[in-house]
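Read the structure below first, then the notes.
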Amino acid sequence: MNKDKLWSPYIAGIGLGLTLLATFYVMGKGLGASSTFSLLSAVGVNAVFHDFASRLEYLVRYLGSDALLKDWILYEVIGLFIGALIGALLSRNFKIKLDRGEKMPGRTRVLTALTGGILVGFASRLARGCTSGLALTGGAQLAVGGWVFVIAMFVSGFIAAAFFRRLWS
Amino acid sequence: MIAPLFEYGIVGESTSLIIAVIIGVFFGLFLERGGLGDPHKLTGVFYLTDFAVPKVMFTAILVASFGLYLLSDLKLLDINRIWFVPAYFWPQLVGGALFGVGFLISGYCPGTAVAGLASGRIDALIMMIGVGIGSLLFAIVYPVIEGFYVFSNLGAVTLPQILGINHWFVIVFVFVFAGAMFYVMEKYEKKKV
């Protein structure tokens, strides 16, 4: 484990909080992440199956003429990747691997990553955001929507952990 | 008042996209250095083995909340020009619950998966593909669940507004709650070592 090389979670939290505050101050909105994947998925599906995509009312909202060039959160997520890469490289924390529980076969890990991701993607659209746009941003705004989401997420995560005891051990 | 800068036209659209990348760099750096690119740490809270997620998250919420309302009270930031998270009670409750299960199974949420991929984790990339598929599935079933999606719309309300109290009472409450939680976590972690 690289545990000792990480920053204190409180220091990382203060940094993250100041980053969010700067976003409020400069942009008048908060951070985000999940909508980037919805945007990329919508643009991808539209490129390959245009007729199918244009019939999906919800998908069309992601398909503005210059959606890819002007989406603020897409640029922010590109920055997120660069920042995390800098952090991982400078601390020698970068390693190509399929990260999973000790005894989990690789094929099972592909399945858990994919199905868990599908659930997260669906849930993010239903709730109108994810941990960044709802939990962090809404939490800091003291927004009712953010806190409903945070509480539901933690309660459900604990219940799910009781059912999937050995997923990560 | 000149802030939010973008809303007051001090920062233009193309500048805002450069700022997006810069803000993202800090976002990613703090996530990765806080250990939130690692699915073991991300899911640890649910098994009571690692508390990095609630520590980073509630510290960040407190700092940003304190700053946002302080700048607003000092009239340095026009809070009416801030886009507030809207509340749709039931979709957000059900969405949050589904999200928790997906988070536990995959080991990531969308932002932390990007940090996971940036530290070399292939499973994070697979999870991100899943998020794209899940989003598409939502678009496909949208005509059926649209009624639920727009149900229980409370508007962009905040806790101080519905409780009818000053925002500083809520911030102090969150501070005390988070402080007590951090204290218990630190004690518990020391005991285990």
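Across segment A:140-151, coupling constants 3J(HN,Hα) worked out from phi with the 6.51/-1.76/1.60 Karplus curve, θ = phi - 60°, read 5, 6, 6, 6, 4, x, x, 6, 4, 5, 4, 5 Hz, and Gly and Pro carry x.
Distance between the pseudo-spin-label points of B:Val172 and B:Tyr188 (7 Å out from Cα toward the beta carbon): 2.8 nm.
The charge dipole of segment A:1-97, taken about its Cα centre with unit charges on the Cβ atoms of Lys, Arg (+1), Asp and Glu (-1) only, comes to about 440 debye. Each label was represented as a point 7 Å from its Cα along the Cα-to-Cβ direction; for B:Ala180 and A:Arg92 these points are 4.4 nm apart. Note on chain B: dipole from Cβ charges, positive end direction compared against B:Ile19, B:Leu98, B:Leu137; the farthest Cα belongs to B:Leu98. Cα centroid separation, segment A:84-155 to segment B:117-193: 10 Å.
What is the average number of partner chain Cβ atoms found within 10 Å of a Cβ in B:76-83? Mind showing how you got there, number by number?
On the way: counts 1, 4, 1, 3, 1, 2, 7, 7.
Mean partner shielding for this stretch: 3.
Whenever you get a sec, compute what percent of the accessible area on chain B sits on carbon and sulfur atoms (1.4 Å probe). Show your work: numbers first, answer last.
On the way: 6060 of 8130 Å².
Taking all protein chains in place, chain B shows 75 percent carbon and sulfur surface.
Note on chain B: Lys pairs 8 or more places apart or on different chains, Cα atoms under 29 Å apart, count 9. Chains B and A together bury roughly 10700 Å² of accessible surface, counting both sides and using a 1.4 Å probe on protein heavy atoms.
Residues of segment B:74-102 with an amide N closer than 19 Å to a point placed 7 Å from the Cα of A:Ile151 along the Cα-to-Cβ direction: B:85-101.
Only Lys, Arg, Asp and Glu carry charge here, each on its Cβ (+1 for the first two, -1 for the last two); on that basis chain A has a dipole of about 680 debye about its Cα centre. Per residue, the protein assembly as shown exposes an accessible area of 44 Å² to a 1.4 Å probe, with every protein chain left in place. Of the whole protein surface, A:Lys95 contributes about 130 Å² of accessible area at a 1.4 Å probe radius. Along the axis of the charge dipole computed for segment A:100-169 (Cβ charges of +1 for Lys and Arg, -1 for Asp and Glu, origin at the Cα centre), the listed residues A:Ser169, A:Gly117, A:Thr131 are led at the positive end by A:Ser169. Rounded to the nearest 20 debye, the dipole size of the protein assembly as shown about its Cα centre is 1200 debye, using +1 on the Cβ of Lys and Arg and -1 on the Cβ of Asp and Glu.
The values are calculated or read from the model by the stated rules, or taken from the named source; none is laboratory data. In this text the structure is predicted, and so the values were computed from the model without any measurement. Don't worry about glycine lacking a Cβ; one is built from the backbone with ideal geometry, like all the others, and counts go over all protein chains shown. With ligands, DNA and RNA removed, areas are computed over all heavy atoms of the protein, side chains included. Shrake-Rupley method; radii C 1.70, N 1.55, O 1.52, S 1.80 Å.
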